[in-house]
Every structure is written in structure tokens, then in C-alpha cells.
1. Which of (1) open to solvent by 40 Å² or more (accessible area, probe 1.4 Å); (2) touching a residue at least 24 places away in the same chain (Cβ under 8 Å); (3) under 19 Å from Arg40 (Cβ atoms) does Leu87 not meet, given it meets every other one?
2. Starting from residues that are more than 30 Å from the chain's Cα centre (by Cα) and surrounded by fewer than 14 Cβ atoms within 10 Å (Cβ to Cβ), keep the ones in the range 219-258 and report whichever is modelled with the lowest pLDDT.
3. Tell me which of these Arg120 doesn't satisfy, since it passes every other one: (1) in a helix (DSSP H, G or I); (2) at pLDDT 90 or above; (3) open to solvent by less than 50 Å² (accessible area, probe 1.4 Å).
4. List the number of the failed condition for Ala117; all other conditions in (1) in contact (Cβ under 8 Å) with a residue 12 or more places away in the chain; (2) closer than 30 Å to Ala77 by Cα; (3) under 30 Å from the mean Cα position of the chain (by Cα) hold.
5. Could you list, in sequence order, all residues of the range 319-365 that are modelled with pLDDT of 85 or more, over 26 Å from Ala297 (Cα atoms) and buried (at least 17 other Cβ atoms within 10 Å of the Cβ)?
6. With the checklist (1) open to solvent by 80 Å² or more (accessible area, probe 1.4 Å); (2) touching a residue at least 12 places away in the same chain (Cβ under 8 Å); (3) on the phi < 0 side of the Ramachandran plot in hand, flag the one item His153 doesn't pass.
7. Exactly one condition in (1) closer than 18 Å to Thr19 by Cα; (2) open to solvent by less than 60 Å² (accessible area, probe 1.4 Å); (3) assigned to a helix (DSSP H, G or I) is false for Arg40; which is it?
8. Looking at Gly148, Gly181, which one is among the small types (Gly, Ala, Ser) and either modelled with pLDDT of 85 or more or in contact with a Leu (Cβ under 6 Å, 6 or more places away or on another chain) (or both)?
Amino acid sequence: MAQPCSTTSTLDDFLLHCTDMVFIASEGGALHRTSSALTRALSSELLDAASQAGLAPLVYADDRRAFDEAWGRLRGAAEPMVLDLRLKTADGSFKFFQCTARWVPEKGEVYGTLRDAEERIRHDIQLKLFKAINDNLPVCLWAIDTRGVFVLHDGKALAAAGLKPGQFLGQNMFDIYPEEGTRELRKALAGTMSYFVNEIDGVHWAAWYLPIQNERGDVTHVAGISLDITPEKRTEQELRAKLDLIQRQQQVIRSLSTPIIQVWDRVLTLPLVGMFDSARAADVMEGVLREVVRTQARYTILDLTGIEAMDTGTADHLLKLAGAIRLLGAEAIITGIHPAIAQTIVGLGVDLSSIETRSTLRQGLEHCIRRMSREAS
């Protein structure tokens, strides 16, 4: 009775129980044997349908050319082919695998393995991203253990602080910086992320302290990211200075547009020109009342010659201004009301009967002088 081939039986057992994704293929790529692990990962249906064509139909379209070229060089290559490529998996998605294959001349076959490369490639991308940030952006990247000892100290922005990459490695942050400067760090060691902005030796930093925790939730390290925002801060300060200058200029313009003139002893004149809105009324009232007190004025002439339109709000501002002047012991006189404004005031039903009015500034001044002459006599 013929005995089963022990070599075949051993290979079958190996492919059945092997935890690695292993395959045997022809020179053309047709799959002769695959391990159960590979079949489970790439699905037996896909492999059965594509067995004669090998792995090629499962390769992501953008990776197919590189795979075909590498496979074509296998027979003449002294070293095995090692290639990262995306393969269609059992759930229909594409994942990165590392394919390692070698041509075995004495067997006339290709022996190969697949290894899940997702985590490694993701890690490589993260390292490249970290390096790109570290080398090109004005940041300082560091990390300490729970004792405060630096395990990472790098970044392009270190130069702005007068430091070199790796300068603090092995040193304890609590020995380098005073206690008041490590308050946020202690919060991060307790598990709380923090963000703050500070200034050190003229350099402005935006800083993030990030607790790094293990699977149990224990803090094992604290990572720090410090971004040099000095250019932005300078721009902000310049903009604030410009805004302050603009505000001062506007104040000067407002003062010039409503000059308070002492035209006679204890007689003030305020010629109003243009728009007389709430903001301008507040400035005018403050200036007039201050001058009334300073000069001990008896009369204040509000000349409206330069105002050609008036609404209820403007009239209300005038009434309030006149009332405030009266409270300081002076008298408000309105002059230069245009006919159109007079009609508007009447139409709006605004009562100006309590305020002395005159046609022109000259008549208003004459009125003040006569009144003061009578009072003096």
C-alpha cells in the first residue's frame, strides 16, 4: 500500500496552521499554494477567482506598475523583492502590505510572504510629518518623563531662545525653571492639557502642554509644543499702535470740527457743522460742560448755521445739551436755525420754547452782552 508523501503532508499542515501569510507561485505569478492566514486576509473567493493571475488583480491600480516591474525582475535578482503595495482585502478595502518574494531556481517557483504594513507606514508618515514640522516651522518640541527629565528637545524655534537642539536632554525641567514657571507643567503631569501665551526674553510663545497616558490612563510623559509667535505679536502691536493713532486723530478732528470759542467775557460759542449724531453729541457735551466750568461762562451760544438737516435725535441732543448747560448755572442760546430745520422741528413736534433763539450768531452775542450789561447795572 502506497504511503502518503510526508513532505506534502508536512507542507499542508504548515500552510494550514502557519500564522504568517505565505504563498508559492509560478514565475508568471499564478498562485500554487497559499497559507490559511493569507486566504483569510485576502479572501478565498478573490484568490480563487484570480489564482491563475496571482496577486496582480488584487493590487491597487496605482501600485500595479511597480508590482509588475518588481515581479518581472525576480528571476534575475540576487536579492529578494521587497515592496510595499496595497492589496484588496476580504472586506473589499485596500490595505498596505509588505510583499517579500524570492525566485527559487531549483524549484522553478517563487516563495513569498505578505506582512501587514499599515501600522509601519502610518508610523513612517507620522515621523515624516514630525520631521517636516520640526525642521520647517518656528516650533520647539520637547517631552519629559514623570520626574521632569527631558527625553526630547528639538525644533527650529530653539534658536530664537538661544538654545540648541538636544541641549536639555537628560536634565530636569524643575531644576532649570523656577517653580512659578512650571505651574502649567504640573497640571499636565496631573492629566490636564493646558494652553497659554508667555514672553521670555522678548520672544513670545504660544505653548501647549499635552499629557501622554498609557492604556491604564496613567500619565507617563508630558509633550510640549511651543510656537514662536513673535512676528504675529509685533504685527498685532503695530496694528494696535496704528488704531490708537487713528483714534487720537479722529478725536482731534472731532475737536476741530466743533471748536468751543470764548467770544466775550463769560460767553462761549459753539459753531456746529455737518452731522450731529449721538457719538458727536457726547463729545460736544463733554467739551462744552468742561469749558463752561473752566471759564465760569454765563452764556453758551449753539450756532446751527452749518447744519442744514435735523431729525428728532439731533433735536433731542440739543435739548439735553441745553439742559446740562442750565444745570451748571449758564444759559444756552441757539442761533442760525435754517428755515428748513425750523419746519422740521415744528413738524416733529419738538418744543424749543424753553431755549432762547436768535437768527444769527451776531444777534445772539448782542443778546448776551445786553443781558450782562443790565445785570451789571
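The values are calculated or read from the model by the stated rules, or taken from the named source; none is laboratory data. Values in this document were obtained by computation on a predicted structure and should not be read as measured data. All Cβ positions, even for glycine, are placed from backbone atoms using ideal geometry, and neighbour counts span all protein chains on display. With ligands, DNA and RNA removed, areas are computed over all heavy atoms of the protein, side chains included. Shrake-Rupley method; radii C 1.70, N 1.55, O 1.52, S 1.80 Å.
1. (1)
2. Among those that are more than 30 Å from the chain's Cα centre (by Cα) and surrounded by fewer than 14 Cβ atoms within 10 Å (Cβ to Cβ), it is Leu256.
3. Status for Arg120: all satisfied but (3).
4. (3)
5. Within the range 319-365, no residue meets the criteria.
6. Only one criterion in (1) open to solvent by 80 Å² or more (accessible area, probe 1.4 Å); (2) touching a residue at least 12 places away in the same chain (Cβ under 8 Å); (3) on the phi < 0 side of the Ramachandran plot is unmet by His153, namely (1).
7. (2)
8. Exactly one residue qualifies, and that residue is Gly148.
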